[in-house]
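Asks: Handing you a structure now.
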Amino acid sequence: MKSDRKNFAEDYQAAFIHYLNGGDQEVALQRAYELGRRAIAGEQNILGLIGLHYRLVQAVKPQLRANLPRGQAIARSEAFLTQVLALFEMTHRQTLEMNQSLRDSERRKAAIVGSAFDSIVSFDVGGRIIDFNPAAEQLFGHTRAQAVGHDLAELILPASRHAAFQQTLDLCRERPEGGAGQRQEITARRADGSEFPVEMAVTFIQVDNAPFFTAYLRDLTERKAYEAKIEYLATHDALTRLANRNLLMDRVEQAIAQAARRPGQTLAVLFVGIERFKFINDSMGHSFGDELIRKIAGRLQHGVRDGDTVARQSGDEFVILMGGLQDGAQDALRGASEILALFMQPFTVDGHAIHLACSIGVSLYPDDGKDAEMLLAHADAAMHRAKAAGGGTVQFYTHDLSVFAAERVRLENALWSGLERGEFSVHYQPQVRVADGVIAGAEALIRWQHPELGMVYPARFIALAEETGLIGPIGEWVLETACAQNRVWQESGFPELRMAVNVSTRQFRHDGIIQALESLIAAGQVTPGSLELEVTESSLMDDMDESIRILNELRALGASISLDDFGTGYSSLAYLRRLPVDRLKIDQSFVHQMEDDAQKRTMVREIIHLSQAFGLSTIAEGVETPGELAFLAAHGCHEYQGYFCARPLPASDFERLLRQRRTGH
Ligand code: C2E
Ligand code: MG
Ligand code: MG
């Protein structure tokens, strides 16, 4: 620019002096015009040009006087300058005209603005509102009169937006050529205080040295709702409203990222294929099939843990994402077992009961895949293996786990059918008074006679039944059977007998045992006065206050409470004092071989003394020898149970024992 200016000054001087020195007028004016054009184009501004001209006149004065008569010299000088300035003048006039038409168009614009669909708010550089169109009145609930003169930010923006808004204005002012300003989505506030999303674009306008801002605002409430709807449709399955594949993949990626942040946590992908669905769909019609899929989806959605994602993969395939797992394989297997159990009950569509089964394939992160695609593909492959293996089973992508899962699932299915087919029975083991050998009670112990596996003991299946929730129906069945048996014996004239039934942790929670007992009492099937419930310390410890409440309710119903396996758990005096129980049952591990073990004897003695101090009754389990019984008798234990008297016996054998005792044989 600097060199341009120097060139301009030099060129001006050369042309000017040439003219003054008697150069051709036409050529001179032509050069002056050219210089004027260059000045307008930006090589020289008007004040600079005039200054340049008069400095030249001063400099060449002596020369001028010498060469030309004074008047002529001045005239030529002015003519040259005028020629150059003429262009400036013309440009200036054009600018004025342009501004005029601009103002006209502004007026036109104002009219448009007035009726505009968008809210348009103009405000001065200080942020004060100078115009507020009708759409803005409607949008914000302020009239124009109320708005004008107020600070825009304070009137329509929540306080949290003020700083950001000021930044936008600064940016706009610095780069006015940025034109329409950038669109932003922000939260605005109405007169009634409610907040809503708007799109805002701010422009900086400068007319006749009177700069101001204009903000264009558009209500986004509807668009947002629409977008949310679009988003929902894009991420959910229309038929079932479950997550679709897109959302699922997203969630799997998120779960992977989370697992990476929290070592020790993992996730599992369960691919669930419905058996026989295609056949039903073809034979019953598609709308029937759709309704069935909806029912399946509903059951799956309800059956999983909170936070798990259930997605519909394709027609009759679903995928479940289990995140935040501690023990991946074990937790996934438990989840899969629960899903298999969901299919035990038939689905009802149009009054038809449809029995279905599913096959489940499981993949675990990170062993079976490091990304969502891989995990899904491998779970899918495992599901097809499960189908090939006959359906109704779980297969892990990793072979070893599949073998383990298959066995467990087989046992679990067998448990269900075992209950239906009457493979369970209850054995009774006498509880004998130490003082006189009278049978005061019996403990009901479940037995499972499996057609292939033979006699299965509770140690093998109670924990599984607990995990899968099957303990509910099984426990109720034992309670009902044992109580019914006791009633039969009472009605046959045997002496009064206390029937002890084991209650496991899961039965104990959520009032399950209370409800079971209440319904049996209501049906007249239980005389609670002769019922004892055996609970373990560990099942009470989770929530002591809740446990105390449940125990009190059970006692209020008439049942007595025995603390099973006592001594193996927490056995703290502090909680024992608070627990509403009637009896402590000394665990058999202390009784077993206590004759050779001073420590065990000390323990047994201590428990007996403890229960005496608390006014509780004591029973020792696992008594096998006369020596053990003698020790218990010496320390004042009330009752015992064990092979020394009898093993757990089928009802008929137990009845024979009762009869023998009565007749003294
Ligand atoms: P538990 O309640 O501590 O039952 C006592 C266990 O000791 C029984 O094992 C019984 O057969 C065994 N036993 C009794 N006397 C002797 C003895 O002199 N020597 C030896 N070595 N063992 C003896 P069982 O029947 O295998 O039951 C094991 C556990 O399974 C029970 O422990 C109980 O916790 C659970 N269980 C059994 N039936 C049921 C039931 O109907 N419901 C629930 N929830 N759990 C049950
Ligand atoms: Mg017991
Ligand atoms: Mg026990």
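Asks: Go through the residues of the stretch 620-637 one by one and say whether even a single one is among the aliphatic types (A, V, I, L, M), within 52 Å of the chain's Cα centre (by Cα), assigned to a helix (DSSP H, G or I) and away from ligand 1 (no atom under 11 Å from the Cβ).
Replies: no
Asks: For Leu616, indicate whether it is in the same structural domain as Val426 (by TED's automatic domain parsing), more than 20 Å from Gly441 (Cβ to Cβ) and either crowded, with 16+ Cβ neighbours inside 10 Å or among the hydroxyl-bearing types (Ser, Thr, Tyr) (or both). Let's see the steps before the verdict.
Replies: On the way: in the same structural domain as Val426 (by TED's automatic domain parsing): yes; more than 20 Å from Gly441 (Cβ to Cβ): no; either crowded, with 16+ Cβ neighbours inside 10 Å or among the hydroxyl-bearing types (Ser, Thr, Tyr) (or both): yes.
The answer is no for Leu616.
Asks: Suppose we filter Ala201, Ala225 for residues that are out of contact with any helix residue (DSSP H, G or I) (no Cβ under 8 Å at 6 or more places or on another chain), at pLDDT 80 or above, small (Gly, Ala, Ser) and surrounded by 18 or more Cβ atoms within 10 Å (Cβ to Cβ); which single one remains?
Replies: Details: Ala225 fails: surrounded by 18 or more Cβ atoms within 10 Å (Cβ to Cβ).
Just one listed residue meets the conditions, Ala201.
Asks: Does Leu375 satisfy the criteria of being within 16 Å of ligand 2 (Cβ to nearest atom) and either part of a helix (DSSP H, G or I) or touching a residue at least 60 places away in the same chain (Cβ under 8 Å) (or both)?
Replies: On the way: within 16 Å of ligand 2 (Cβ to nearest atom): no; either part of a helix (DSSP H, G or I) or touching a residue at least 60 places away in the same chain (Cβ under 8 Å) (or both): yes.
So Leu375 fails the test.
Asks: Right, something else. Determine whether the stretch 635-651 contains at least one residue that is free of Cβ contacts under 8 Å to residues at least 40 places away in the same chain, away from ligand 2 (no atom under 16 Å from the Cβ), in the same structural domain as Ala500 (by TED's automatic domain parsing) and within 28 Å of Ile513 (Cβ to Cβ).
Replies: Applying the first criterion (free of Cβ contacts under 8 Å to residues at least 40 places away in the same chain) to the stretch 635-651 yields 635-636, 643-644.
Remaining after also requiring away from ligand 2 (no atom under 16 Å from the Cβ): 635-636, 644.
The next check asks that each one be in the same structural domain as Ala500 (by TED's automatic domain parsing); those that pass are 635-636, 644.
Going one step further and asking which of them are within 28 Å of Ile513 (Cβ to Cβ), we end up with none.
Checking the stretch 635-651: not a single residue is free of Cβ contacts under 8 Å to residues at least 40 places away in the same chain, away from ligand 2 (no atom under 16 Å from the Cβ), in the same structural domain as Ala500 (by TED's automatic domain parsing) and within 28 Å of Ile513 (Cβ to Cβ).
Asks: What is the number of the single condition among (1) without any contact (Cβ under 8 Å) to a residue 24 or more places away in the chain; (2) open to solvent by 50 Å² or more (accessible area, probe 1.4 Å); (3) within 16 Å of ligand 1 (Cβ to nearest atom) that Lys600 does not meet?
Replies: (2)
Asks: Could you grab me the full set of residues in the stretch 532-542 that are within 13 Å of ligand 1 (Cβ to nearest atom) and of a type in the set (A, V, I, L, M, F, W, C)? Steps first, answer last, please.
Replies: Just the residues of the stretch 532-542 that are within 13 Å of ligand 1 (Cβ to nearest atom), to begin with: 532-539.
The answer is Leu533, Val535.
Asks: OK, next. Every residue in the stretch 549-570 that is modelled with pLDDT under 90 and away from ligand 2 (no atom under 16 Å from the Cβ), please. Spell out how you get there, then give the answer.
Replies: Initial filter on the stretch 549-570 (modelled with pLDDT under 90): 565-570.
Hit for the stretch 549-570 is Tyr570, nothing else.
Asks: Among what's in the stretch 535-548 and is assigned to a helix (DSSP H, G or I) and more than 33 Å from the chain's Cα centre (by Cα), pick the residue that is nearest to ligand 2 (Cβ to nearest atom).
Replies: Our first condition is that a residue be assigned to a helix (DSSP H, G or I); within the stretch 535-548, this holds for 537-541, 544-548.
Adding the requirement that they be more than 33 Å from the chain's Cα centre (by Cα) leaves 537, 548.
Numbers: Glu537: 12, Ile548: 21 Å.
The qualifying residue nearest to ligand 2 (Cβ to nearest atom) is Glu537.
Asks: Would you please name the residue that is farthest from ligand 1 (Cβ to nearest atom), looking only at residues in the stretch 437-459 that are in contact (Cβ under 8 Å) with a residue 12 or more places away in the chain, among the β-branched types (Val, Ile, Thr) and within 21 Å of Leu479 (Cβ to Cβ)?
Replies: If we take residues in the stretch 437-459 being in contact (Cβ under 8 Å) with a residue 12 or more places away in the chain, among the β-branched types (Val, Ile, Thr) and within 21 Å of Leu479 (Cβ to Cβ), then Ile439 is farthest from ligand 1 (Cβ to nearest atom).
Asks: Checking Phe590 against (1) in contact with a His (Cβ under 6 Å, 6 or more places away or on another chain); (2) assigned to a helix (DSSP H, G or I); (3) within 16 Å of ligand 2 (Cβ to nearest atom); (4) of a type outside the set (Gly, Ala, Ser), only one condition comes out false. Which one?
Replies: The failed condition is (1).
Asks: Okay, moving on. Does at least one position in the stretch 657-664 carry a residue that is within 13 Å of ligand 1 (Cβ to nearest atom) and either at pLDDT below 95 or assigned by TED's automatic domain parsing to the domain that holds Val438 (or both)? Spell out the reasoning first.
Replies: Applying the first criterion (within 13 Å of ligand 1 (Cβ to nearest atom)) to the stretch 657-664 yields none.
No, the conditions are met nowhere in the stretch 657-664.
Asks: If only one of Val456, Val432 is away from ligand 2 (no atom under 16 Å from the Cβ) and either at negative phi or open to solvent by 20 Å² or more (accessible area, probe 1.4 Å) (or both), which one is it?
Replies: Working: Val432 fails: away from ligand 2 (no atom under 16 Å from the Cβ).
Selected residue: Val456, the only one of Val456, Val432 that is away from ligand 2 (no atom under 16 Å from the Cβ) and either at negative phi or open to solvent by 20 Å² or more (accessible area, probe 1.4 Å) (or both).
Asks: Ok, one more. Which of the residues spanning the stretch 76-89 are modelled with pLDDT of 70 or more and either open to solvent by 60 Å² or more (accessible area, probe 1.4 Å) or within 60 Å of the chain's Cα centre (by Cα) (or both)?
Replies: Glu78, Thr82 - these are the residues of the stretch 76-89 that are modelled with pLDDT of 70 or more and either open to solvent by 60 Å² or more (accessible area, probe 1.4 Å) or within 60 Å of the chain's Cα centre (by Cα) (or both).
Asks: If I ask for residues that are within 16 Å of ligand 3 (Cβ to nearest atom), of a type in the set (Val, Ile, Thr) and crowded, with 19+ Cβ neighbours inside 10 Å, which ones from the stretch 487-541 would you list?
Replies: Selection gives Val501, Val503, Val535, Thr536.
Asks: If a residue must be open to solvent by 60 Å² or more (accessible area, probe 1.4 Å) and part of a helix (DSSP H, G or I), how many such residues does the stretch 399-422 contain?
Replies: Of the residues in that region, 7 qualify.
Asks: Continuing with the same structure: Which residues, counting only those in the stretch 435-453, are open to solvent by 10 Å² or more (accessible area, probe 1.4 Å), farther than 19 Å from Gln660 by Cβ and either assigned to a loop (DSSP other than H, G, I, E, B) or away from ligand 2 (no atom under 16 Å from the Cβ) (or both)?
Replies: Within the stretch 435-453, Ala435, Gln449, His450, Pro451, Glu452, Leu453 meet the criteria.
Asks: Additional query: Of a type outside the set (S, T, N, Q), within 41 Å of the chain's Cα centre (by Cα) and farther than 24 Å from Leu629 by Cα - does that describe any residue in the stretch 579-588? So that I can check it myself, show each step before the final result.
Replies: Going through the stretch 579-588, the residues of a type outside the set (S, T, N, Q) turn out to be 579-587.
Next cut, within 41 Å of the chain's Cα centre (by Cα) only: 579-580.
In the following step, the residues that additionally are farther than 24 Å from Leu629 by Cα were identified as 579-580.
Checked the stretch 579-588: at least one residue is of a type outside the set (S, T, N, Q), within 41 Å of the chain's Cα centre (by Cα) and farther than 24 Å from Leu629 by Cα.
The values are calculated or read from the model by the stated rules, or taken from the named source; none is laboratory data. Predicted, not measured: the structure shown is a model, and the values here were computed from it. Counting neighbours? That spans all protein chains shown, and the Cβs are built from the backbone with ideal geometry, glycine included. Just the protein is used for accessible areas: all its heavy atoms, side chains included, with ligands, DNA and RNA removed. Shrake-Rupley method; radii C 1.70, N 1.55, O 1.52, S 1.80 Å.
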